[in-house]
Amino acid sequence: MSREPRREQLLNAADRVIQRDGPRASMNAIAAEAGITKPILYRHFGDRNGLITALTERHTAALLAAVRAALAEPLERRDRVEHVLDTYLAGIEARPQVYRLLTHPEPGDPSGPGQALAPALRQIAEEITRAVQSQVDLGADRELLAEAWGRGITGMVLAAGDWWLESRPCSRTRMVQALADLLWGRLAAAADLPTAVLPTGPVEPPAVEPAVD
């Protein structure tokens, strides 16, 4: 088997083990799941951080592509807001242990692989900013408000999604409604821009195995 398909198989095995064992899943367990020895795993990824980096690229690309597609759906504004929120929550719900690995630093290493989702969150904030700028008439302060909202919405949804995933106080549908209600005030009052253009981009999600409930 050529290197890239083999690498994808190893990442699939790592996904399964992390979902089963949590963020501290060992390289030994991942190698055993893949049916190989640990030196072969190191040959492909260098070390554990290299493996986590590869998983990060896989999952953040998929999440970015999903959010971008949700922003571009031809829906009424409230429906689009709820659709984007649901897309993000569904993404972290599908693989909660992988999400925890990407967002929560390991003990004693606050700048380590646990911060891996940060670049993707910045890109999501930029996507929301562009969507607001291109679709919503916010007057003379449109650029400032779009930037503030893009970053504020992303941070809010990250924190709320993290709490929801850990606590499960309600269904995903109810959580989407709660967050959309909070965001809706000024968005509901603003008019559409007459020449609104939906954002597009080149990010394509990599092939991944379907989540197993």
Inset, instruction - List every residue pair whose Cβ atoms lie under 6 Å apart, where the two residues are 6 or more positions apart in sequence or sit on different chains, the first residue falls within segment 130-141 and is within 16 Å of Glu76 (Cα to Cα), and the second residue, located anywhere, is of a type outside the set (A, V, I, L, M, F, W, C) and open to solvent by less than 40 Å² (accessible area, probe 1.4 Å). - result: Ala131/Pro199
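Going by the structure shown, is Val84 over 30 Å from Val132 (Cβ atoms), crowded, with 19+ Cβ neighbours inside 10 Å and at pLDDT 90 or above?
Against the criterion (over 30 Å from Val132 (Cβ atoms), crowded, with 19+ Cβ neighbours inside 10 Å and at pLDDT 90 or above), Val84 does not qualify.
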Legend entry - Close pairs from segment 64-83: first without any contact (Cβ under 8 Å) to a residue 24 or more places away in the chain, partner part of a helix (DSSP H, G or I) and open to solvent by 40 Å² or more (accessible area, probe 1.4 Å), Cβ under 9 Å, at least 6 apart: Ala70/His83; Ala70/Asp86; Glu73/Asp79; Glu73/His83; Leu75/Glu82; Leu75/His83
Inset, instruction - Scan segment 47-67 residue by residue and report those that are open to solvent by 30 Å² or more (accessible area, probe 1.4 Å) and modelled with pLDDT of 90 or more. - result: Ala66
Legend entry - First in segment 100-129 and within 19 Å of Glu166 (Cβ to Cβ), second anywhere and at pLDDT below 55 and assigned to a loop (DSSP other than H, G, I, E, B), Cβ under 6 Å, 6 or more apart: Pro105/Gly112; Glu106/Gly112
Inset, instruction - Those residues that are assigned to a helix (DSSP H, G or I), more than 24 Å from Thr103 (Cα to Cα) and either touching a strand residue (DSSP E or B) at 6+ places or on another chain (Cβ under 8 Å) or open to solvent by less than 50 Å² (accessible area, probe 1.4 Å) (or both), I need them from segment 1-38; list them, please. - result: Ala34
Legend entry - Pro74, sole failed condition from (1) more than 30 Å from Ala178 (Cβ to Cβ); (2) surrounded by fewer than 17 Cβ atoms within 10 Å (Cβ to Cβ): (1)
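The values are calculated or read from the model by the stated rules, or taken from the named source; none is laboratory data. On a predicted model such as this, the values are computed, not experimentally measured, just so you know. Please note: Cβ atoms are built from the backbone with ideal geometry, for glycine as well, and neighbour counts cover all protein chains shown. Quick note on the areas: whole protein, heavy atoms, side chains included, nothing else; ligands and nucleic acids left out. Shrake-Rupley method; radii C 1.70, N 1.55, O 1.52, S 1.80 Å.
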